[in-house]
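First up is the structure itself, then whatever we jot down about it.
The values are calculated or read from the model by the stated rules, or taken from the named source; none is laboratory data. No experiment lies behind these values; they were computed from the predicted model shown. Note that we place each Cβ from the backbone using ideal geometry, even for glycine, and neighbour counts take in every protein chain shown.
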Amino acid sequence: MAENGKPTDGAVVDVSTNQQGAEQKPQSKVLTLTEEELNQKLQSESDKRVSEALKTSKAKWEQDYEQRVKKERDEAERLARMNEEDRKKEEDKKREEQLSIREHALHRKEMENEAMRILSQKDLPVTFAPQLLGETAEDTQSRISEFQKAWNSELDKRVAEKLKGKIPPADSTQARKSDINEHIRNMARR
């Protein structure tokens, strides 16, 4: 709806004021559209929303890109001002940081694989491995042990709940056989 009280879709709106001078709710008239016109309006509105979202995303992407370029340019200028020895130290430091990140990721992956192996050995779901990882192997092992206790406890509760009230008769198979035999005899007598 536009600021002047008129809707943007062309429908007429009656804005009135009460005795105190406050605006009352607008009373709009019913706008009748054919199915084709309705589909066109809906398509137009959705096109507007999509194009707005694209503009926003593009602006954000461009801003991020410009920031990265500026950061890299500043870093290159900083390195260019350094002497050869300082530049070499800086590059070595960056390599060590990257290597440390890779080693950490590799260590985490190894820990996750070990956790999956332990879970599998204990007949526990391996999908919980990422949540059970600790900083060390001992920490991971203790988390898995705690999980196993909780898992088995909850599993026992659920099984007991399902079996509750469904105690089979002492010799249910024999009782069913005799009932079937008796039923067959009754059928044969008829």
Which pairs have Cβ atoms under 6 Å, sit 6 or more apart or on different chains, and link a residue in the stretch 67-83 that is closer than 15 Å to Lys94 by Cα to one that is in a helix (DSSP H, G or I) and charged (D, E, K, R)? Leu79/Arg87
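Would you please name the residue that is surrounded by the most Cβ atoms within 10 Å (Cβ to Cβ), looking only at residues in the stretch 132-144 that are touching a helix residue (DSSP H, G or I) at 6+ places or on another chain (Cβ under 8 Å) and assigned to a loop (DSSP other than H, G, I, E, B)?
Among them, the one singled out is Leu133.
Just one of Glu91, Glu85, Glu45 is surrounded by 10 or more Cβ atoms within 10 Å (Cβ to Cβ), in a helix (DSSP H, G or I) and modelled with pLDDT under 90; which is it?
Sole residue among the options that is surrounded by 10 or more Cβ atoms within 10 Å (Cβ to Cβ), in a helix (DSSP H, G or I) and modelled with pLDDT under 90: Glu91.
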The stretch 17-42 - residue that is surrounded by 10 or more Cβ atoms within 10 Å (Cβ to Cβ) and polar (S, T, N, Q) and, of those, modelled with the lowest pLDDT: Gln24
What residue, among those in the stretch 145-190 that are of a type in the set (Val, Ile, Thr) and in a helix (DSSP H, G or I), is modelled with the lowest pLDDT? Thr173
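Each row is one residue, and each column tells you yes or no for (1) in contact with an Asp or Glu (Cβ under 8 Å, 6 or more places away or on another chain); (2) polar (S, T, N, Q); (3) in a helix (DSSP H, G or I).
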residue: Leu106; (1), (2), (3): no, no, yes
residue: Lys109; (1), (2), (3): no, no, yes
residue: Asn113; (1), (2), (3): no, yes, yes
residue: Pro130; (1), (2), (3): yes, no, yes
Quick one: would you say Asp9 is surrounded by 10 or more Cβ atoms within 10 Å (Cβ to Cβ), at pLDDT below 80 and either in a loop (DSSP other than H, G, I, E, B) or not polar (S, T, N, Q) (or both)? yes
